[in-house]
Amino acid sequence: MKKYFRVLLLFLLNLAADETLAYDAEIDGIYYNLTNGQAWVTNGDKAYSGTVVIPASVTYYSGRYSVTSIENNAFEHCSGLTSITIPNSVTSIGSKAFYFCSGLTSITIPNSVTSIGNEAFFCCYDLTSVSIPNSVTNIGNEAFYNCLHLTSVTIGSGVTSIGDAAFESCSSLTSVKLNCKSVKSWFSGLKSIKEIKLGDNVTSIGDYAFTA
């Protein structure tokens, strides 16, 4: 019986250890998963806060890794995060990557990013403006849902898919600049919009696209 309980205790301790080691490396305060020469920014033991500058590459032991992705939930609920710099090596921003980062005021999305996941910036209340470059082709469902202080959005010509309610409940949004081919009802239900600029690439506007 004692042997059984000892084995059970060791199992539980190992299980707990596995759960805490949810990342492969911590380098200069940023947590990463590492594989095949690539590094993916992830979450870790401590919440991110203040200004975070993600490097284009990292060295871990003798290996060199290119930072290519921000994983799902990487900065989720990091309310103390105020600013994030993403390098040109990153190609994707995962689902809920900045979910409820309520203090985030500034982010620059580089021309290397091609996709923004579902709820990526959900309830980033203090985010005031966002410019989505031509490289981005897909914006997920509710990507910027309820960004209450978001006043300006620019969407480049490369976007071919924007998910449901991508900018819903962005009650302070006053300026929208679009250059994607098709405009659907991503901005419906917003009463604050004062300026809408459509680029030469816009070929169709869906029903109720900008209804209040």
| request: Select the strands (runs of 3 or more DSSP E) contained entirely in the range 114-212, then report the ones holding at least 1 residues which are more than 22 Å from Ser102 (Cβ to Cβ). | output: 152-155, 175-178, 195-198
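Taking the condition of being over 17 Å from Ala97 (Cβ atoms) and either hydroxyl-bearing (Ser, Thr, Tyr) or at pLDDT 50 or above (or both), how many residues in the range 4-45 meet it?
If we filter the range 4-45 for residues that are over 17 Å from Ala97 (Cβ atoms), which is where we start, we get 4-21, 24-29, 34-37, 45.
Now restrict to residues that are either hydroxyl-bearing (Ser, Thr, Tyr) or at pLDDT 50 or above (or both): 4, 20-21, 24-29, 34-37, 45.
So the count comes out to 14.
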| note | From the option list Ala97, Ala166, Ala143, single residue qualifying as under 14 Å from the mean Cα position of the chain (by Cα), buried (at least 23 other Cβ atoms within 10 Å of the Cβ) and under 20 Å from Val53 (Cα atoms) is Ala97
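Would you check if Asn134 is in contact (Cβ under 8 Å) with a residue 24 or more places away in the chain, buried (at least 19 other Cβ atoms within 10 Å of the Cβ), over 21 Å from Tyr31 (Cβ atoms) and touching a Gly at 6+ places or on another chain (Cβ under 6 Å)? Write out each step before concluding.
Values: in contact (Cβ under 8 Å) with a residue 24 or more places away in the chain: yes; buried (at least 19 other Cβ atoms within 10 Å of the Cβ): no; over 21 Å from Tyr31 (Cβ atoms): yes; touching a Gly at 6+ places or on another chain (Cβ under 6 Å): yes.
No; evaluated as a whole, the condition is false for this residue.
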| task | Might you let me know whether the range 107-126 holds any residue that is open to solvent by 40 Å² or more (accessible area, probe 1.4 Å), acidic (Asp, Glu) and farther than 22 Å from Thr174 by Cα? | result | no
| field | Hits in the range 147-161 (condition: within 14 Å of Ser192 (Cβ to Cβ) and open to solvent by less than 50 Å² (accessible area, probe 1.4 Å)) | value | Cys147, Leu150, Ser152, Val153
| note | Flagged in the range 93-113 as out of contact with any strand residue (DSSP E or B) (no Cβ under 6 Å at 6 or more places or on another chain) and either in contact (Cβ under 8 Å) with a residue 40 or more places away in the chain or not in a loop (DSSP other than H, G, I, E, B) (or both), in numbering order, are Ser95, Thr108
| said: Looking at the range 30-64 only, could you name the residues that are in a loop (DSSP other than H, G, I, E, B) and closer than 22 Å to Leu104 by Cβ? | reply: Asn43, Gly44, Asp45, Lys46, Ala47, Tyr48, Ser49, Ile54, Pro55, Ala56
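The values are calculated or read from the model by the stated rules, or taken from the named source; none is laboratory data. This is a predicted model, so every value here is computed, not measured. Glycine gets a Cβ as well: all are built from the backbone with ideal geometry, and neighbour counts include every protein chain shown. Heavy atoms of the whole protein, side chains included, go into the accessibility calculation; ligands, DNA and RNA do not. Shrake-Rupley method; radii C 1.70, N 1.55, O 1.52, S 1.80 Å.
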